Amino acid sequence: MTDQPAWVIPDFAADAQAIAAFAAARERFERGEAQAAENEVRSSFQKRRDALQLEINTAESVIAERQERAEKAVAGYARKYPKLVEKGKPRRPAFFQNLLSFGSAGRAYQATVDATADLNDARSLRRRKEHEDEELDKQLRRAMSQLEEQLKERVNSQAHQEKFLSRPGNAEALKRVEAIHAERAAYAARLERGDVPPLEQRDRRFAQLAALPLEAPCAGLAIVAVDAFGDLCYLIFRDREKRHFYAEYDARLEPLSDSVFDVYRIADRFEAKFHRRDGKPMSLADHLTEYLRDDEIARAEARKVRAALRVTRSLPPREAPPYKPVLDLLAELAKSAGRAAGSL
């Protein structure tokens, strides 16, 4: 790379943190707004439930009072006219019975009827209030469903956005994120026009990956990409800790396209070997599955890498890079790649 490039490479790690922090702030805000709205709805329904419960409790008291009154009315009727009460149920006195009692039997009987009616009214009221209480659960579910739709619509409203940006730091964070997106869009436009020098493309790619020059020792390494920038071409390596490394393209490493390997020190020298997991050599697909967490995608990416390494490239000769000794070790390892594959 040049000592003083004419371009500025973004700090991709810091930019990613800024974007993630802004997204997290928005998520916290949305979650807080949703929770506040939900609490308001639940509080409203709780007030209604509390009022209903008070009415139910009052109805219980009235029922107890009227139950006692009804029982007393029946008991009094039974004392005076025992033949007119069967199994606790009063019967209307006959015409002559009422006449001979000068209407007293009729009035006593009517008292039991009125007391029972009052008791039934109180019980009916309690049942209505209990039903209303049960209906509140259904109404609450409907209200929460409607609230969810309302929140989705509210997210895109101007008032909602202004409220979010009024929180400390959010407006500044938005400007930072917009600046990052604008820089990416400007670079993409320059790239499409062909206005980006190969060296800038390379520097930007390596910065995005946080890639370092390949050096020994290293472990669990695999070739995961072949990147070309004009007449520059590089192999991109990744280890099992998801760190990236680069080295100038070397056709001798093509047999390692489906391998994972280590470069380790023995006394005063370095050696290379195929990396093993659970006692077996790892393949590129194994390595990619660990990284991508998806077998199908990993196999597809492995096929792309192998195809890219099979492409014949005619590249101008360059001065030996500092990582050439590592490439030489890997080139020697590549000679035995077929035998290693046979042991999988």
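The values are calculated or read from the model by the stated rules, or taken from the named source; none is laboratory data. Computed from a prediction, not measured in an experiment: that's the story for all the values here. Backbone-built Cβ (ideal geometry, glycine too); neighbour counts: all protein chains shown.
Checking Val74, Val62, Val85 one by one, the residue that is surrounded by 13 or more Cβ atoms within 10 Å (Cβ to Cβ) and within 30 Å of Glu132 (Cα to Cα) is Val62 and no other.
For Ser283, are the conditions met, namely being among the hydroxyl-bearing types (Ser, Thr, Tyr) and under 13 Å from Leu333 (Cβ atoms)? No; evaluated as a whole, the condition is false for this residue.
Filtering segment 185-221 to residues that are in contact (Cβ under 8 Å) with a residue 60 or more places away in the chain, part of a helix (DSSP H, G or I) and either polar (S, T, N, Q) or exposed (fewer than 15 other Cβ atoms within 10 Å of the Cβ) (or both) leaves Ala207, Gln208. The set of residues in segment 88-109 that are exposed (fewer than 14 other Cβ atoms within 10 Å of the Cβ) and within 26 Å of Glu60 (Cα to Cα) comprises Gly88, Lys89. Among the residues making up segment 269-296, those that are in contact with a Pro (Cβ under 9 Å, 6 or more places away or on another chain) and outside any loop (DSSP other than H, G, I, E, B) are Phe270, Phe274.
Set side by side, the residues Arg306, Arg299, Arg252, Arg318 differ, and just one is farther than 19 Å from Leu209 by Cβ, in the same structural domain as Pro213 (by TED's automatic domain parsing) and in a loop (DSSP other than H, G, I, E, B), which is Arg318.
Is there a residue being part of a loop (DSSP other than H, G, I, E, B), surrounded by fewer than 13 Cβ atoms within 10 Å (Cβ to Cβ) and without any contact (Cβ under 8 Å) to a residue 60 or more places away in the chain anywhere in segment 256-268? Yes.
Going through (1) closer than 27 Å to Arg318 by Cα; (2) crowded, with 17+ Cβ neighbours inside 10 Å; (3) aliphatic (A, V, I, L, M) one by one, Ala228 falls short only on (2). Which residues, counting only those in segment 115-146, are over 16 Å from Ser61 (Cα atoms) and either in contact (Cβ under 8 Å) with a residue 60 or more places away in the chain or not assigned by TED's automatic domain parsing to the domain that holds Asp50 (or both)? Across segment 115-146, the qualifying residues are Glu132, Asp133, Leu136, Gln139, Leu140, Ala143, Met144.
Listed here are the residues, each with its yes/no results for (1) over 26 Å from Arg303 (Cβ atoms); (2) touching a Leu at 6+ places or on another chain (Cβ under 6 Å); (3) of a type in the set (Lys, Arg); (4) not assigned by TED's automatic domain parsing to the domain that holds Ala320.
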site	(1), (2), (3), (4)
Arg205	no, no, yes, no
Ala211	no, no, no, no
Ala216	yes, no, no, no
Ala219	no, no, no, no
Ile223	no, yes, no, no
Phe229	no, no, no, no
Phe237	no, yes, no, no
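Pairs are defined by a Cβ separation below 8 Å, a sequence spacing of at least 6 or placement on different chains, a first member in segment 147-164 that is closer than 17 Å to Ala36 by Cβ and small (Gly, Ala, Ser), and a second member that is at pLDDT below 90 and exposed (fewer than 10 other Cβ atoms within 10 Å of the Cβ); no pair meets this definition.
Residue-wise test of (1) within 55 Å of the chain's Cα centre (by Cα); (2) not β-branched (Val, Ile, Thr).
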site: Leu52; (1), (2): yes, yes
site: Tyr81; (1), (2): no, yes
site: Val113; (1), (2): no, no
site: Asp118; (1), (2): no, yes
site: Arg126; (1), (2): yes, yes
site: Glu130; (1), (2): yes, yes
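When every residue of segment 94-114 is checked against the conditions, none turns out to be free of Cβ contacts under 8 Å to residues at least 60 places away in the same chain, charged (D, E, K, R) and outside any helix (DSSP H, G or I). Consider segment 131-171 and keep the residues that are on the phi < 0 side of the Ramachandran plot and not in a helix (DSSP H, G or I). The one that is surrounded by the most Cβ atoms within 10 Å (Cβ to Cβ) is Arg167.
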